[in-house]
């Protein structure tokens with residue numbers, strides 16, 4: 001698994017009814033070699049056909065390979081291969097020798113590579129056997145052989161059966177061919193390497209390309225933590241997304257008011273990497289309570305990593321809501337399950353005149369506990385000359401609340417039925433109308449006590 005951590009946090013634990021908060025999504029990935037330690041044996045051809053630039057380029061490429069594996073395993077160039085992985089060195093000519101066992105010291109491995117000198121014949125079978133012997137059969141680490149050679153066997157037993165036995169043990173074999181003085185045998189390399197050949201065999205037409213090939217091979221063995229990452233976030237329907245900051249990796253777009261998509265091409269290529277996205281949401285529902293931030297969040301990538309994000313919650317505190325006017329009483333209907341249609345006589349209702357309904361909400365600020373409030377609403381209409389006309393007035397008592405501190409009280413659904421009677425003779429029915437609303441509020445309950453009169457005789 002390339003994903004090493006996933007997280008989702010919010011910046012506050014409590015908000016008001018129309019409050020906002022910041023949500024942070026975070027994802028960390030590392031090369032697959034971090035979570036799946038690997039033992040790698042570099043098998044290097046030092047026969048006479050590698051004399052000159054082939055050997056020199058092989059050394060450079062091998063040391064590049066070691067550097068990349070070092071960084072991929074712990075994210076640093078600290079001189080040690082980390083996360084439980086190891087590299088060993090086997091070189092061969094007439095016979096094969098172990099130049100370095102499976103170790104973690106980068107300096108020791110590079111010194112072993114630099115000490116190689118070319119000369120002699122080419123014994124591939126012995127090279128494979130010595131490499132296989134380096135692996136601990138009881139280790140759960142993945143086992144990899146990287147063979148560098150021209151593929152021209154000149155001495156020893158046939159190497160194909162030995163390579164086949166290694167693959168049967170679960171050992172992965174890569175073959176890198178460089179054209180030596182005797183050319184190169186791609187058929188032999190394809191036979192020895194793990195299938196498919198396209199990803200396990202490479203032949204350099206140019207010696208200068210060898211270092212790049214080793215780099216690509218190291219990246220292939222360590223494997224990027226995750227590629228083609230897509231995260232789809234849908235927030236709770238009580239919230240809307242109000243803004244998205246640019247992530248440090250990839251791109252994020254808002255699909256709609258409650259949905260965003262975060263795409264990351266790759267993460268954890270050669271070392272551990274973290275990606276972070278911050279976005280802002282606002283509560284839009286008037287119902288308080290403890291609420292989940294997201295309705296759902298899904299993760300996909302090309303590697304099939306399984307990622308689960310936390311599910312944070314926020315406490316929503318809303319103002320007190322008073323509904324002084326109830327809705328009309330409903331009429332109950334019962335429709336049997338097998339009924340295709342139903343006809344019901346709902347009785348009579350009368351239309352007195354054309355009119356409009358105004359529904360008003362108002363918040364009374366700083367209402368203290370145990371205090372009733374008297375509220376008056378005055379509605380007027382203004383004609384084209386600026387004259388005001390009375391259209392109605394309502395008074396009501398707002399019940400006292402028992403919260404320990406003073407609170408805002410939201411009074412909802414104050415309704416006025418306004419007849420359709422034009423103020424101006426030239427107005428038609430359903431013309432635009434201008435209204436003014438005035439609110440008056442006072443405490444009903446006070447702690448005022450009249451001073452007592454005192455008489456002296």
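The values are calculated or read from the model by the stated rules, or taken from the named source; none is laboratory data. The structure presented is a predicted model; accordingly, all values stated were derived computationally and were not measured. Methodologically, a virtual Cβ is constructed for each residue, glycine included, from the backbone with ideal geometry; neighbour enumeration extends over all protein chains shown.
Overview of values
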quantity	calculated
Where a residue in region 309-328 is within 23 Å of residue 374 (Cβ to Cβ) and its partner, wherever it lies, is at pLDDT 65 or above and in a loop (DSSP other than H, G, I, E, B), with Cβ under 6 Å and at least six apart	320/401
Single match in 99, 111, 57 (criterion: part of a helix (DSSP H, G or I) and touching a helix residue (DSSP H, G or I) at 6+ places or on another chain (Cβ under 8 Å))	57
Given (1) in the same structural domain as residue 248 (by TED's automatic domain parsing); (2) surrounded by fewer than 16 Cβ atoms within 10 Å (Cβ to Cβ), number of the condition residue 8 does not satisfy	(2)
Residue ranges of helices (runs of 4 or more DSSP H) in region 165-265 with at least 3 members over 14 Å from the mean Cα position of the chain (by Cα), crowded, with 20+ Cβ neighbours inside 10 Å and touching a residue at least 12 places away in the same chain (Cβ under 8 Å)	186-192, 210-222
Checking residue 103 against (1) at pLDDT 95 or above; (2) within 24 Å of residue 224 (Cβ to Cβ), the condition it does not meet	(2)
Wholly within region 294-387, strands (runs of 3 or more DSSP E) carrying at least 1 residues that are exposed (fewer than 10 other Cβ atoms within 10 Å of the Cβ) and at pLDDT below 90	355-367
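For (1) more than 22 Å from residue 51 (Cβ to Cβ); (2) in a strand (DSSP E or B); (3) not assigned by TED's automatic domain parsing to the domain that holds residue 37, each residue gets a yes or a no:
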position: 84; (1), (2), (3): yes, no, no
position: 89; (1), (2), (3): no, yes, no
position: 118; (1), (2), (3): no, no, no
position: 127; (1), (2), (3): no, no, no
